[in-house]
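J.: Sharing a structure with you now.
The values are calculated or read from the model by the stated rules, or taken from the named source; none is laboratory data. Only a predicted model underlies this, so the values are computations on that prediction, with no experimental measurement involved. Here Cβ is always computed from backbone atoms with ideal geometry, including for glycine, and neighbour counts include all displayed protein chains. When the accessible area is computed, the model is the full protein with side chains, heavy atoms only, and any ligands, DNA or RNA have been set aside. Shrake-Rupley method; radii C 1.70, N 1.55, O 1.52, S 1.80 Å.
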Amino acid sequence: MDEEKKKTTAKKKTNNTKKSTGTKKKTNNSKKNSTKSSSVKSNTKKTTSKKASTNKSKTTSVKKKSTNTKKVSGTKKKTTSTKKKVVNKEIPKKQKEVKAEEKKDNKKTKIILDIIIYVFILVVMVCLVLLYFKRQEDNEIIKEIEETVVPKEIEIIDEKTVKDYISDLQIKFNNSDIKGILNIGGLDVNIPIVKGKDNDYYLRHAVTKKKSVIGSVFIDYRNNTNSRQINIYGHNSTKFNPPFKVLEGYLNKDYYNEHKYFEFMVNDETRKYEIFSVIVANKDSSEEHMQFSYKKDSDWLKHFQRLQKKSKYKINVTVNKNDKIMVLQTCIFGRYHDKLLVIVGREIERK
């Protein structure tokens, strides 16, 4: 019994101890829980305080930001206003600059226009001066042509008169190269004929030996006044009326029918020639009318016949082996540009 009592008491003790431990545990747990709750509460307090502080700081920062933004906006407004003021100040400056540039441009354009006007006036003045001198030159050429031909009024009566006539011209023009006088039908003047040492000098010199665009009418330097064939050359012109311009008329057969003859006064006689060929030739030394070195009469006759065949139109004149001929040559223009006009006549009379 005692043992059972002891056991029961021991059980009770153990149970009590268990209870006490349980209660202790509970108390400990409650304590723990209380501590946890307190810690949680403290933590919540801390978090709330932190949140509050953060919120406060945020709100303060927001406020600061808002104030800053306000300040910035204020400064922006100030800057915009200052910018506006600057812009307002810059606009008249720019306008002034633009006006100044426009003035400069206007000045430049005015200067350029003035220069153009002055240059134009200068060019006009130069042109007028050149025209004046050109007219003067043209007038001198016309005067020269008029003065270097002789009127047809003088009649050749006898041998002495022909010699005297030529010697008078030599004295008048101070030129001993004058060898004779040519009288062409349709021309109302006689032409003094000269002969130089070559075929170039009198192309550029008048009978007076002055330099001339028109030159003179001259005999080929390889011929003389007694040659079987005498070639005589003279300039033509579209602007002036040099003596050999009259030869252009022979391009028309009707003109030929009215002017079939020409005369050459030389030495102590007047020679009359009948035209038998009118040729449009090339500017070439191989042309038929430039050949005059034949020896035999038969060769001369073939030469005359070839010249007659080359005629622009048919002329019913008979040539023979004993003939002496004269060739008159000049340039022609228009449809025959860069060609030569050649009039060939056979001598039919001397007096």
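J.: Here is the link list: Lys152/Lys272; Lys179/Lys296; Lys134/Lys179. Which ones come out longer than 22 Å on Cα distance?
T.: Details: Lys152/Lys272 16 Å; Lys179/Lys296 27 Å; Lys134/Lys179 33 Å.
From the list (Lys152/Lys272; Lys179/Lys296; Lys134/Lys179), the Cα-Cα distance tops 22 Å for Lys179/Lys296; Lys134/Lys179.
J.: Is region 240-351 best put as rounded, prolate or oblate by its Cα gyration tensor, with a ≥ b ≥ c the root eigenvalues, rounded for a/c under 1.5, and otherwise prolate when a/b is larger than b/c, oblate when not? Display every interim value, and only then the final one.
T.: On the way: a/c = 1.57, a/b = 1.21, b/c = 1.30.
Oblate.
J.: May I ask you to rank Val126, Val213, Val150 by accessible area, largest first, using a 1.4 Å probe over the protein chains only? If you can, show how the numbers build up before the last one.
T.: Working: Val126 70, Val213 95, Val150 5 Å².
I get Val213, Val126, Val150, largest accessible area first.
J.: Next question, about the same structure. Say the cut-off is 24 Å between C-alpha atoms; which of Lys195/Lys312; Lys210/Lys260; Lys195/Lys324; Lys195/Lys321 go over it? Intermediate values should be presented prior to the final figure.
T.: Numbers: Lys195/Lys312 29 Å; Lys210/Lys260 34 Å; Lys195/Lys324 19 Å; Lys195/Lys321 27 Å.
Exceeds cut-off: Lys195/Lys312; Lys210/Lys260; Lys195/Lys321.
J.: For an R0 of 30 angstrom, estimate the FRET efficiency from the Cβ-Cβ distance between Ile115 and Asn139 and round to the nearest 0.05. Don't jump to the answer; show the numbers that get you there.
T.: On the way: r = 36 Å, r/R0 = 1.19.
The pair Ile115/Asn139 has a calculated efficiency of 0.25.
J.: Which Cα, out of Asn190, Tyr233, Phe120, lies furthest along the positive dipole direction of region 95-238 (beta carbon charges, K/R +1, D/E -1)?
T.: Projecting each Cα onto the dipole axis, the largest value belongs to Phe120.
J.: For Val217, enumerate residues with amide H under 5 Å from its amide H, sequence gap 5+ or separate chain, H modeled in the peptide plane.
T.: Close amide H contacts, sequence-distant or interchain: Val194.
J.: Considering the zone a paramagnetic label at Asp198 would reach in this model (a point 7 Å from Cα along the Cα-to-Cβ line), which residues of region 266-290 have amide N under 18 Å from it?
T.: Only 285 pass the distance filter.
J.: Give me the accessible area of Lys94, 1.4 Å probe, in Å² rounded to the nearest 10.
T.: For Lys94, the solvent-accessible surface is approximately 120 Å².
J.: What full-extension length gain, to one decimal in nm, is calculated for Lys99 and Asn174 as 0.36 nm per residue of separation minus the Cα-Cα distance?
T.: Numbers: separation 75, 0.36 × 75 = 27.00 nm, distance 7.67 nm.
Additional length available on full extension: 19.3 nm.
J.: Please get the size of the charge dipole for region 153-268, origin at its Cα centre, with Cβ charges of +1 on Lys and Arg and -1 on Asp and Glu, quoted in debye to the nearest 20. Working shown, then result.
T.: On the way: 16 positive and 16 negative charges, 137 e Å.
Roughly 660 debye, rounded to the nearest 20.
J.: While we're on this one: Roughly how many Å is it from the Cα centre of region 287-351 to that of region 181-250, as a whole number?
T.: One Cα centre to the other: 17 Å.
J.: In what order, largest first, do Phe264, Phe333 sit by accessible area if the probe radius is 1.4 Å?
T.: Numbers: Phe264 0, Phe333 75 Å².
From most accessible down to least: Phe333, Phe264.
J.: Starting from the 7 Å offset along Cα-to-Cβ, what nm value, one decimal, do you get for the label separation of Val123 and Lys260?
T.: 5.9
J.: With every protein chain left in place, what is the accessible area per residue of region 170-317 in square angstrom, probe 1.4 Å?
T.: Working: 7090 Å² over 148 residues.
Each residue of region 170-317 exposes 48 Å² on average to a 1.4 Å probe.
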